Amino acid sequence: MARIMALGEIMLRLSPKGHRRFVQAGEFDVVYGGGEANVAVGLSNFGMDAGFVSKIPQHEIGQAAVNELRKNGVDTSRIIRGGARLGIYFLETGAAQRPSKVVYDRANSAFALAEPQEFDWDAVFDGCEWFHFSGITPALGKNAAQICKDACAAAKKKDITVSCDLNYRKNLWTLEEAGEMMKSLMPYVDVLIANQEQVKSLFGMEAASAEIKEPNVDYSGCQSLCVQLRKTWPQLDKIVLSLRGSVSGDDNYFGAAYDDGTGFVHSRNHLIHMVDRVGSGDAFSAGIIYAIMNGYPAQEAIEFAVASGVLKHSIEGDGSMESAEEVKALAGGDGSGKVQR
């Protein structure tokens with residue numbers, strides 16, 4: 001069975017071609033993805049043994065989503081089949097000063113209506129070493145929240161490392177709902193992945209600003225947040241905080257800070273030109289999980305995670321299609337983009 005298991009919902013993504021707006025669209029490109037599924041895909045493409053657990057309809061659209069996971073080497077053996085519909089989201093890709101926009105159509109999806117008793121966590125976690133979830137999953141309703149909590153409790157009973165990407169989505173639930181639920185899940189978490197804004201919004205922890213606007217950035221705000229987080233949840237083993245500075249809808253700065261329990265480090269900052277931003281945070285999560293599981297020292301781990309997120313911006317679709325070798329090259333300083341012959 002998979003060494004790494006991710007729980008969540010995979011969706012059908014429909015996007016107008018190029019940079020067209022929704023109101024201009026006469027046709028849509030089709031992609032399958034979702035926060036946790038994207039992490040499993042990224043890890044599998046790094047050569048890791050990753051699986052995904054969810055509930056997906058038995059019909060052909062559901063099968064197409066399962067096929068996409070299988071195509072990328074993800075173990076789908078623990079996916080439950082059933083329910084009436086696959087969740088959908090529409091993505092309008094921004095440009096220049098116009099931001100990207102997402103519209104969800106995922107209410108009453110197969111996963112959102114799944115019953116907690118449908119999942120056999122002893123079987124799901126057989127042979128598993130790492131469990132990953134995000135704040136998107138418990139946002140999908142009471143059933144999904146209970147499924148997530150059951151999974152976390154079962155993982156801890158088996159001494160499985162649990163990672164969580166806070167991943168707050170304002171279109172899915174309120175800050176108050178998110179804060180209450182994520183606080184209840186935090187005692188299960190060993191590796192927290194977030195950003196300063198999410199930590200402030202959900203947990204009320206203030207820190208100095210560390211928005212990336214130029215090469216030399218003050219990461220002291222991240223360090224102070226790590227101290228506060230550890231005081232509140234002392235079981236936390238590692239804390240990873242990403243930072244993004246927006247130049248425009250096409251160009252961002254991206255970097256991250258990392259407290260591995262023995263010290264605090266941060267990555268160098270990358271100026272990126274975006275082809276597709278969606279899934280870049282998931283690629284970042286896959287990067288840090290890969291680095292931790294492979295015993296990378298702290299500085300190498302955060303550089304690898306950031307490089308993974310940076311490269312995803314250059315790839316269309318939700319999933320990260322880069323290899324570990326490509327990420328290592330960028331993490332090591334080879335960001336020229338020159339043709340490789």
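The values are calculated or read from the model by the stated rules, or taken from the named source; none is laboratory data. These numbers come from a predicted model, not from an experiment. Reconstructed Cβ throughout: ideal geometry from the backbone, glycine too, with neighbour counts over all protein chains shown. Accessible surface areas use protein heavy atoms only, side chains included; no ligands, DNA or RNA. Shrake-Rupley method; radii C 1.70, N 1.55, O 1.52, S 1.80 Å.
Split the accessible area of the range 1-114 by element, probe 1.4 Å, and carbon with sulfur accounts for 52%. Cross-link partners of Lys200 among lysines, defined as those whose alpha carbon lies under 21 angstrom from its own and excluding same-chain residues fewer than eight positions apart: Lys170, Lys183, Lys213, Lys231, Lys238.
Applying both filters, DSSP loop and at most 16 other Cβ atoms within 10 Å, to the GluC sites (Glu not before Pro) of the range 27-133 gives Glu27, Glu129.
Over the range 118-163, the Kirkwood radius and the radius of gyration, each from Cα atoms, give a ratio Rg/Rh of 0.96. Taken about its Cα centre, the range 77-125 carries a charge dipole of roughly 340 debye when the Cβ of each Lys and Arg holds +1 and the Cβ of each Asp and Glu holds -1. Think of each Lys and Arg Cβ as +1 and each Asp and Glu Cβ as -1; about the Cα centre, that makes the dipole of the chain roughly 500 debye. Here, P(r) means the percent of Cα pairs in each 10 Å bin from 0 to the largest distance; for the range 219-299 it is 16, 45, 31, 7.
Need one number: the % of Cα-Cα pairs in the range 1-114 sitting beyond the 24 Å mark. More than 24 Å apart: 31 percent of the Cα pairs in the range 1-114. Give the carbon-plus-sulfur fraction of the accessible surface of the range 219-263 in %, rounded to a whole number; probe 1.4 Å, heavy atoms of protein chains only. Of the solvent-accessible surface of the range 219-263, carbon and sulfur hold 48 percent. In the context of the full set of protein chains, the range 36-76 has a per residue accessible area of 33 Å² (1.4 Å probe). Looking at the range 233-341, the accessible area is 41 square angstrom per residue; that uses a 1.4 Å probe and ignores ligands, DNA and RNA. The portion of the accessible surface of the range 124-181 made up by carbon and sulfur, rounded to a whole percent, is 44 (1.4 Å probe; DNA, RNA and ligands excluded). Normalised per residue, the accessible area of the range 80-150 is 41 Å², obtained with a 1.4 Å probe and no contribution from ligands, DNA or RNA.
Protein-only accessible surface at a 1.4 angstrom probe places the residues Val247, Val327 in the order Val247, Val327, largest first. Helix-only estimate, please: 222 nm mean residue ellipticity of the chain, summing -39500 (n - 2.57) across DSSP H runs of length 4 or more and dividing by its residues, to the nearest 500. So the helix-based figure for the chain works out to -10000 deg cm²/dmol. Here the chain is treated as a Stokes sphere of Kirkwood radius computed over C-alpha pairs; at 4 °C and 1.567 mPa s its diffusion coefficient rounds to 65 µm²/s. The listed residues Asp259, Asp122, Asp29, once ranked by accessible area (1.4 Å probe) with the largest placed first, stand as Asp122, Asp29, Asp259.
Considering only Cα atoms, the convex hull volume of the range 258-311 works out to 65 Å³ per residue.
Note on the range 1-147: lysine pairs with Cα distance below 26 Å, sequence gap of 8 or more or different chains, count 4.
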